[in-house]
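Worksheet for the structure shown next.
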Amino acid sequence: MNQAKLSSIASKIIEPMSSQNTLQDALRLMQMHKISSVVIVNDQQKPIGIFTERDALKAVAKAISPDTKLLNIMTKDPFVVHENLRVSDAYVLLESHGFRHLIMVDKNNKYTGIVTEGDFLRNLGLDATQKKKLIQDIMIAAPLIIEENLSVQEVAQAMREKDVDYAIISKNNQPIGIVRERDIAYFFAEKKSASKYTLDAIIPDIIHTVKQDVTLSEAISLMEKHGIHQLVVTDHEEEIVGLIDRHTVLRAIYGAYIDYLMHVVNEKILDIETLSKSKEILSEQTQLLENIIDTIPDLIWLKDTRGRYVTCNKMFERFFGAKREDIIGKTDYDFVDKELADMFTKNDNEAIKLGTSRINEEHLVFKDGSYKGDFEAIKTPLKNEFGTLIGVLGVARDITEKKMQLDILNDAQAIAHIGSWHFNLVDNILTWSDECCRIFDVPITSEINLDIFLSSIHEDDKEKVMQAWEEGLENGNYEVDHRIIVGDSVKWVRERARFILDEITKKPILALGTVQDITQNKKYEDKLLCMANSDHLTGLANRSLLESVLEKSIHISMRNDKKCALLLFDLDYFKDINESFGHKVGDEILKEIAQRLKGRIRQSDLVARICSDEINYSKKKKKINNKEDVIARLGGDEFAIVLSSIDHSEDAAKVAKEIMQLINEPFKVSSELTIHINSSVGIAISPDHSKSPDELLQFADSALYNAKESGRYTFAYYADEMTKLAKEKLEGENKLREAMQNGEFVLYYQPQVYIPTGRIVGVEALVRWKDPKLGIIPPDRFIPIAEQSGLIINLGKWIFEEACRQTKKWYDMGLNIKTAINVSAKQIHYFDIATLVEDTLARLQLPAERIIFEITESAMMQNHKQVVQKLFAVHSLGVKIAIDDFGTGYSSYSYLKRFPIDILKIDKSFVDGIPFDNDNCAITKAIVAMGEALEYKLLAEGVETDEQEKFLSDIGCEFFQGYLKSKPLPPSEVEKLFFAQQKETN
């Protein structure tokens, strides 16, 4: 019976009636078919009412006319069930509602039949129960007993008042007959007046009794034998003690069946013996449990195996918009649309198939529209003690806020490129956040496991990662930076984690961690590292990296009983190339030299290649004798090479010669020029000369200076004598600084002569160092030191201001003297020279035409664009511009036209050989011709003989200065010459 469908036990299918049929029609149909009820349907065959023997009893009691329409007397809106309902479930409904009949309908709610208590009785079975139960245990102990002289209507009223189906007629407390609802209904069907007839008219001829100590099985057999529905129960004295009918029997049988099921279901949660002894306690506990479940904010429900609700809590009632009693027995399809109901059913079936709890996410909208959100539903199959599935328990928790927070967290992780993960060390289960999946380029919906992570680690980093993990297990913290392979690319990630320990064993059971994509950070770090250690022009190592590698190379060489050599070299006269052809050409040459040097160093050498935009820091894997050489550019045209682990000091000389030969090869630059250039090399050896990187650099620099002093295009090893010279140079710089502070510098002035008249027209201011001990020191002894140390800027400023002050004094004395003042390249580049000139002239009230600004040809060509701009600014003040030492540099006709030049001063080196040296004569003539073409005035320096003066006069040079007229003189002596010249004129 447990699995049988309800329609399978219906014994008779009686056609239903219309609401327009009469009471009489219904009673006759019931009498004809010996049935206890008829169903009333509408035009669509859907049940709208039921008329039973109990309704007939009411009609008799109230003396209702037999012609009354069923519409007015039937029980309306009858309880209906689906014909496919299980028999056991159907009886629960029958018993719980106190019904005697169940009306069956199909899926369209159309009437298909009716099932009575008799149908259930015939199909329940349970023979063991029938044989053990006694009548006295289940009988109705206080039946309605009446006297035989009552009328039919009085009996009907009594039965209705007592709400019973039967009345026993007794005489001297012994049964003589029994009246049933059906007897009264059939009597009424004949339209007889119930008030006029006594019971004799309806009492059956035979009454069946049974002793109270017989078994239920025996009583059932007796009822089936005689085709009756009831038995009067008597004691052994034949006195009435009770009544047993079909309904009582059915309840007894089904009660035993229910007891059996409850034993199976509740054996694991309650002791059946305790339950049977304390129904009140059970009721309280049940109510308490229901209250607890109702207070839980989660949705909780229980379904049977066919998807019908067995129970639910208050929150679930809100979801469906119905009370618990209205939900029980129905399915999802009765409350939500088909699509959602299909999804619920599918998830239930998958949990059943899985055999364990299943979690799925569902978006739910409450029936009244008061709430909607995302819920995490946990559905767990329930089984009895025999392993038989009995239903599905569901719990749905609102995760809307949690999902919002998770979305915010995922967005934050995506922005920061930080994902989170946790690893269950007990179950070996790894879980990743969405950003973790994105970092590893794994679909978010993928099932994550440890193999996915391990397989993505860069082969070279696996050992490092495993070591960090082992250390983390020991100390509780895991942190490591490593690479991962993502498709065809490589990423850098930073992992951090902490471990949760088991409270008892104190061993790690869970790791909670993060992973951050630090690829861009790594690139920036490498870029900064490269920028910090590279020369941006050539891509070679800079001084910082050189010093680091030099220290390492010295250490390795000494450990291996070898030598380390440092070679410093620069390009001879490279400054002239920049001045003549521009820095663009110079930069091209420097880059080409870097390429040539890279091609020369050994296969095992390290080449640092770092540019301003990206790192390309490479080291060839093949190594020979563990040697590591470095090429670096230290600035300007100065380069360095570190040769590590050489056997002999002489090996460095071989490399130096090769380098010099490499650089001596012609350079073809983009401007289609072919340029030849030489270099000089200084060499220092460790440990022979020093074990200190700083000292080795200093000594190599001294050796380079010595090589250049020896005539250039050569190399020189460091010697102790060089240290002496370096110390002297440092001492000279300190003395020069003290001299400036002590005011030991003076200006001498050398007259400048206008050749056609032989008259002095101006002077050139020349600085002298008047040392208290050594006397007058010429400029060639201290000007180079001032240039190298940067003191030339302050010294030059003093020279300019002092020369202007003296010129103003002469001007006030009425002497028409123009003063030429030398300005160094550093003053032009690093000083606002125009402002100095303007402020000085204004302060002294000196006319600008009394000052001539002298700048060497080489200084003019350094960063010529900046120089042009500054010279124009000075020239605009009215100051004349003279180019000193003209002919010694690389200026060209096209370059000269760009500058605001007034005077060309022919260098003394060309004047010395005239008029006997043909080359010097030719050069001098060319300079004069070019000056005349550009409308410059020409002045020759260093004129010492009449022949030189005559040659210059003949070729058109108008001015000269030199010992032929006068050596440089103090201001007082200059004044004497001018005064004498004035007297001659007068």
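The values are calculated or read from the model by the stated rules, or taken from the named source; none is laboratory data. Note that this is a predicted model, so its numbers are computed, not measured. We place every Cβ from the backbone using ideal geometry, glycine too, and count neighbours over all the protein chains shown. For accessibility, only protein heavy atoms count, side chains too; no ligands or nucleic acids. Shrake-Rupley method; radii C 1.70, N 1.55, O 1.52, S 1.80 Å.
Out of everything in region 288-310 that is of a type outside the set (A, V, I, L, M) and within 20 Å of ILE399 (Cβ to Cβ), what residue ends up being surrounded by the most Cβ atoms within 10 Å (Cβ to Cβ)?
Filtering region 288-310 down to residues of a type outside the set (A, V, I, L, M) leaves 290-291, 294-295, 297-298, 301, 303-309.
Those left that are additionally within 20 Å of ILE399 (Cβ to Cβ): 295, 297-298, 301.
On the way: THR295: 10, PRO297: 10, ASP298: 17, TRP301: 23.
Ranking the qualifying residues of region 288-310, first place goes to TRP301.
I need a count of the residues in region 330-340 that are part of a helix (DSSP H, G or I) and open to solvent by 50 Å² or more (accessible area, probe 1.4 Å).
Let us first name the residues in region 330-340 that are part of a helix (DSSP H, G or I), namely 332-334, 338-340.
If we keep only those that are open to solvent by 50 Å² or more (accessible area, probe 1.4 Å) as well, we get 333-334, 338-339.
The qualifying residues number 4.
Collect the residues in region 819-832 that are crowded, with 17+ Cβ neighbours inside 10 Å and either of a type in the set (D, E, K, R) or not in a loop (DSSP other than H, G, I, E, B) (or both), keeping them in residue-number order.
To start, the set of residues in region 819-832 that are crowded, with 17+ Cβ neighbours inside 10 Å comprises 819-828, 831.
Scanning region 819-832 gives THR819, ALA820, ILE821, ASN822, ALA825, LYS826, GLN827, ILE828.
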Practice problem: Please specify each residue of region 341-374 satisfying the condition of being among the small types (Gly, Ala, Ser) and part of a strand (DSSP E or B). | Solution: GLY373
Quiz item: Taking region 833-843 as the search range and keeping residues that are open to solvent by 40 Å² or more (accessible area, probe 1.4 Å) and within 13 Å of LEU877 (Cβ to Cβ), which one is modelled with the lowest pLDDT?
Solution: THR835
Quiz item: Where in region 730-815 are there strands (runs of 3 or more DSSP E), lying fully within it, with 3 or more residues that are more than 21 Å from ILE855 (Cα to Cα) and without any contact (Cβ under 8 Å) to a residue 12 or more places away in the chain?
Solution: 775-777
Practice problem: Residue by residue through region 552-566, note down the ones that are under 49 Å from the mean Cα position of the chain (by Cα) and either closer than 24 Å to ILE659 by Cβ or open to solvent by less than 10 Å² (accessible area, probe 1.4 Å) (or both). | Solution: LYS552, SER553, ILE554, ILE556, SER557, CYS564, LEU566
Exercise. May I ask you to say which residue of ILE448, ILE457, ILE439 is farther than 30 Å from SER544 by Cα, in contact with a Cys (Cβ under 8 Å, 6 or more places away or on another chain) and hydrophobic (A, V, I, L, M, F, W, C)?
Key: ILE448
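Among the residues of region 470-502, how many are open to solvent by 30 Å² or more (accessible area, probe 1.4 Å) and closer than 20 Å to ILE439 by Cα?
If we filter region 470-502 for residues that are open to solvent by 30 Å² or more (accessible area, probe 1.4 Å), which is where we start, we get 470-471, 473-475, 477, 479, 481, 483, 485, 487-492, 494, 496, 498, 500-502.
Cutting the leftovers down to closer than 20 Å to ILE439 by Cα gives us 479, 481, 483, 485, 487-492, 494, 496.
So the answer is 12.
Scan region 311-329 and give yes if some residue there is part of a helix (DSSP H, G or I), open to solvent by 60 Å² or more (accessible area, probe 1.4 Å) and at pLDDT 90 or above, otherwise no. Give the steps one after another, and end with the answer.
So the first thing to find is which residues in region 311-329 are part of a helix (DSSP H, G or I), and the list is 314-320, 324-327.
Those left that are additionally open to solvent by 60 Å² or more (accessible area, probe 1.4 Å): 314, 318, 325-326.
Narrowing further to those that are at pLDDT 90 or above: 325-326.
Within region 311-329 (the criterion being part of a helix (DSSP H, G or I), open to solvent by 60 Å² or more (accessible area, probe 1.4 Å) and at pLDDT 90 or above), the answer is yes, since at least one residue qualifies.
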Quiz item: Is at least one residue of region 287-304 farther than 21 Å from THR388 by Cβ and of a type in the set (Ser, Thr, Tyr)?
Solution: yes
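Quickly run through region 56-65 and pick out the residues that are surrounded by fewer than 22 Cβ atoms within 10 Å (Cβ to Cβ) and either of a type outside the set (Gly, Ala, Ser) or not in a helix (DSSP H, G or I) (or both). Explain how you work it out, then say what you get.
Step one: list which residues in region 56-65 are surrounded by fewer than 22 Cβ atoms within 10 Å (Cβ to Cβ), which gives 58, 61-65.
Matches in region 56-65: LYS58, LYS62, ALA63, ILE64, SER65.
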Quiz prompt | Number of positions in region 741-760 that are within 22 Å of ALA803 (Cβ to Cβ) and buried (at least 16 other Cβ atoms within 10 Å of the Cβ) | solution = 10
Quiz item: Do you know which residues across region 766-788 are aliphatic (A, V, I, L, M) and open to solvent by less than 60 Å² (accessible area, probe 1.4 Å)?
Solution: LEU766, VAL767, ILE777, ILE783, ILE785, ALA786
Quiz prompt | Cβ pairs under 8 Å, 6+ apart, first in region 69-90 and part of a helix (DSSP H, G or I), second open to solvent by less than 20 Å² (accessible area, probe 1.4 Å) and β-branched (Val, Ile, Thr) | solution = LEU70/ILE40; LEU71/ILE40; VAL87/ILE9; ALA90/VAL81; ALA90/VAL115
Quiz item: Say we look at region 587-613 and pick out the residues that are assigned to a helix (DSSP H, G or I) and at pLDDT below 85; which of these is least open to solvent (accessible area, probe 1.4 Å)?
Solution: LEU597
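Of the residues LYS372, LYS383, LYS367, which is open to solvent by 60 Å² or more (accessible area, probe 1.4 Å) and under 24 Å from ARG86 (Cβ atoms)? Before the answer, list the steps.
Working: LYS372 fails: under 24 Å from ARG86 (Cβ atoms); LYS367 fails: under 24 Å from ARG86 (Cβ atoms).
Exactly one of LYS372, LYS383, LYS367 is open to solvent by 60 Å² or more (accessible area, probe 1.4 Å) and under 24 Å from ARG86 (Cβ atoms), namely LYS383.
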Self-check item: Whichever residue in region 941-971 is surrounded by fewer than 21 Cβ atoms within 10 Å (Cβ to Cβ) and among the β-branched types (Val, Ile, Thr) and, among such residues, is farthest from PRO751 (Cα to Cα)
Solution: ILE955
Quiz prompt | Filter result (in contact (Cβ under 8 Å) with a residue 40 or more places away in the chain and either of a type in the set (Val, Ile, Thr) or over 22 Å from ILE296 (Cβ atoms) (or both)) within region 309-358 | solution = VAL310, GLY329, ILE352
Quiz item: Name the pairs whose Cβ atoms lie under 6 Å apart, with the first residue in region 111-122 and under 17 Å from ARG86 (Cβ atoms) and in contact (Cβ under 8 Å) with a residue 12 or more places away in the chain, the second open to solvent by less than 20 Å² (accessible area, probe 1.4 Å) and not aliphatic (A, V, I, L, M), and 6 or more positions between them or separate chains?
Solution: PHE120/TYR91
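Identify the residue in region 914-940 that is open to solvent by less than 20 Å² (accessible area, probe 1.4 Å) and not in a helix (DSSP H, G or I) and, among all such residues, is farthest from PRO756 (Cα to Cα).
Of all residues in region 914-940, those open to solvent by less than 20 Å² (accessible area, probe 1.4 Å) come to 914, 921, 924, 927-928, 931, 938-940.
Next, only the ones that are not in a helix (DSSP H, G or I) stay: 914, 938-940.
Numbers: ILE914: 19, LEU938: 13, LEU939: 13, ALA940: 14 Å.
For region 914-940, the residue satisfying everything is ILE914.
Under the condition of being outside any strand (DSSP E or B) and open to solvent by less than 60 Å² (accessible area, probe 1.4 Å), which residue from region 503-525 is nearest to SER548 (Cα to Cα)?
Initially, region 503-525 is screened for residues outside any strand (DSSP E or B), giving 503-507, 518-525.
Those left that are additionally open to solvent by less than 60 Å² (accessible area, probe 1.4 Å): 518-519, 522.
Values: ILE518: 27, THR519: 27, LYS522: 22 Å.
Selected residue: LYS522.
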Quiz item: Inside region 92-118, can you point out the residues that are part of a helix (DSSP H, G or I) and either open to solvent by 40 Å² or more (accessible area, probe 1.4 Å) or in contact with a strand residue (DSSP E or B) (Cβ under 9 Å, 6 or more places away or on another chain) (or both)?
Solution: VAL92, LEU93, LEU94, GLU95, SER96, HIS97, GLU117
